[in-house]
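Beneath this line is the structure, given in structure tokens, with notes to follow.
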Amino acid sequence: MPFSLQPNTLLSFLSQESAGKKMRGNLIPLFCLIIFLQYFSLGNSDSPLAPGLYVLGDSLLDSGNNNFLPTLARANFNPYGVNFPTGATGRFTNGRTVADFVAEFLGLPLPPPYMSFRRSGTGLNYASGSCGILPETGNYIGKCLNLDDQIDLFEQTVKVDLPKHHQSKEKISDYLSNSIFLVSVGSNDYINNYLQPNIYATSKRYSPHSFAQLLSTSLSYKFERLYKLGAKKVVMFEIGPVGCIPSITGQYTHDGQCVEEINQFVSLFNNQLPTMLHNLTSSLPGSVFVLGHVHWLGYDAIKHPSAYGLTETSNPCCITWANGTSGCIPGLEPCTTIDKHLFWDGYHLTQAVYSVIASHCIHNSSVCIPKSIKELVQM
């Protein structure tokens with residue numbers, strides 16, 4: 001799915017001021033940020049800041065798992081990947097994702113998609129487009145890996161693959177406890193479930209508040225399982241302003257630029273994350289569960305695009321099916337001003353915006369709370 005500002009990061013050094021106008025004033029121009037990020041990646045390549053990076057979630061982080069699944073939710077064709085070094089890979093954007101930028105900052109290879117059968121001793125990507133926290137989410141589109149499926153695959157990694165790289169259970173435990181785990185999930189539980197009343201009954205069975213509670217409780221149990229398998233440093237990103245993505249604004253009557261009622265739905269879930277993540281950190285020894293507080297960032301970019309170097313925050317850059325509300329049409333040329341667009345297709349963001357998100361989380365502990373990724377790797 002879609003959004004999480006959620007499924008590439010302009011390396012902007014922000015001051016330690018909190019969100020809003022002060023933070024907007026500290027953004028560095030896009031081209032400077034990208035140059036610096038490339039430099040940082042090269043500088044860390046020989047001495048990674050963390051031993052591994054593991055990625056779970058949906059299409060905001062999927063790096064090609066859905067290529068190997070029978071589903072309509074794929075991005076392994078042009079114009080996807082037009083700005084990625086190797087072209088279309090299955091990433092649902094024009095270039096890099098947040099996970100890619102984080103890997104480069106850490107000095108690690110980009111984690112390969114698990115379903116590609118490529119194995120790496122420095123991390124894997126289990127994220128799968130169209131799936132979510134709940135097992136049934138997105139299944140009408142085709143097969144995808146829900147969060148339980150992804151944790152099952154991670155368990156296989158721990159039991160089968162990691163022993164090939166580490167000589168003892170203690171060394172595996174030490175490796176995993178120092179690795180970074182990125183999670184961006186939940187958007188599809190709204191887009192491909194709660195907001196599909198003709199397919200799912202969740203909106204009839206649950207009020208917006210009780211549905212958010214259902215997601216939060218389920219996610220907490222899954223994080224406990226991930227912890228028991230060895231994950232200690234986990235970053236969970238908020239759901240972005242789903243009510244602003246072209247897929248939603250093109251289908252619902254609304255005033256202004258966004259469907260604010262839907263933004264309020266996802267905010268109910270986001271508002272439960274701080275307490276849930278804090279409780280996990282307090283109850284699970286040695287763990288740090290970090291909140292990627294990025295919903296405001298996506299919304300701010302929509303309302304104040306010039307502060308982020310953007311000029312278009314309503315329409316997708318690529319030509320999509322269904323009049324701008326779906327995925328890119330294969331083979332058609334995208335817009336010529338990709339870095340000026342917030343949205344790549346009807347659901348996902350451009351590399352330029354993902355870079356902003358990653359940069360904030362890497363360097364700013366008022367965005368990734370209570371520890372930035374830079375601080376997390378030093379623990």
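Values for this structure:
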| quantity | calculated |
| --- | --- |
| Other-chain or far-sequence residues with amide H under 5 Å of C368's (modelled H) | H293 |
| Inter-centroid distance (Cα atoms) of the range 56-89 relative to the range 343-373, Å | 19 Å |
| Positive-pole candidate from Y190, W321, G256, dipole of the range 47-377, charges at beta carbon | Y190 |
| Solvent-accessible area of R96 with every protein chain in place, 1.4 Å probe, in Å² to the nearest 10 | 50 Å² |
| Charge-dipole axis of the range 47-377 as Lys and Arg at +1 and Asp and Glu at -1 on Cβ define it, positive-most pick from H166, L176, P208 | H166 |
| Relative contact order for the range 47-377, counting Cα pairs under 8 Å that sit 6 or more residues apart, in percent | 17 percent |
| Table column - 3J(HN,Hα) (Hz), the range 114-129, Karplus curve with 6.51, -1.76, 1.60, x for Gly and Pro | 4, 5, 6, 6, 7, 10, 9, x, 10, x, 9, 10, 10, 4, 9, x |
| For the range 47-377: lysine pairs under 23 Å (alpha-carbon distance), excluding those fewer than 8 apart on one chain | 26 |
| Per residue accessible area of the chain, 1.4 Å probe, in Å² | 38 Å² |
| Simple Cβ-charge dipole of the chain, Lys/Arg +1 and Asp/Glu -1, about Cα centre, in debye nearest 20 | 540 debye |
| Solvent exposure, largest accessible area first (probe 1.4 Å, DNA, RNA and ligands not counted), of D339, D58 | D339, D58 |
| Tail fraction, Cα-Cα pairs, the range 61-119, threshold 15 Å, whole percent | 48 percent |
| The range 47-377 - percent of accessible surface contributed by carbon and sulfur, probe 1.4 Å | 54 percent |
| Amide H within-cut-off set for T71, under 5 Å, with H built and near neighbours excluded | K143 |
| Karplus-derived HN-Hα couplings along the range 208-220 (A = 6.51, B = -1.76, C = 1.60, θ = phi - 60°), whole Hz, x at Gly and Pro | x, 5, 5, 5, 4, 5, 4, 5, 5, 5, 4, 5, 4 |
| Debye, to nearest 20: dipole size of the range 144-216, +1 on Lys, Arg Cβ, -1 on Asp, Glu Cβ | 140 debye |
| Value at 222 nm in deg cm²/dmol, rounded to 500, when DSSP H runs of n ≥ 4 in the chain each add -39,500 (n - 2.57) | -9500 deg cm²/dmol |
| Computed over the range 297-359, the ratio Rg/Rh where both radii use C-alpha atoms and Rh is Kirkwood | 0.97 |
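The values are calculated or read from the model by the stated rules, or taken from the named source; none is laboratory data. Note that the coordinates shown come from a computational prediction; the quantities given were computed from them, not determined experimentally. In this analysis, Cβ positions are derived from the backbone assuming ideal geometry, glycine residues included, and neighbour counts consider all displayed protein chains. Note: accessible area is taken over every heavy atom of the protein model, side chains too, but ligands, DNA and RNA are not part of it. Shrake-Rupley method; radii C 1.70, N 1.55, O 1.52, S 1.80 Å.
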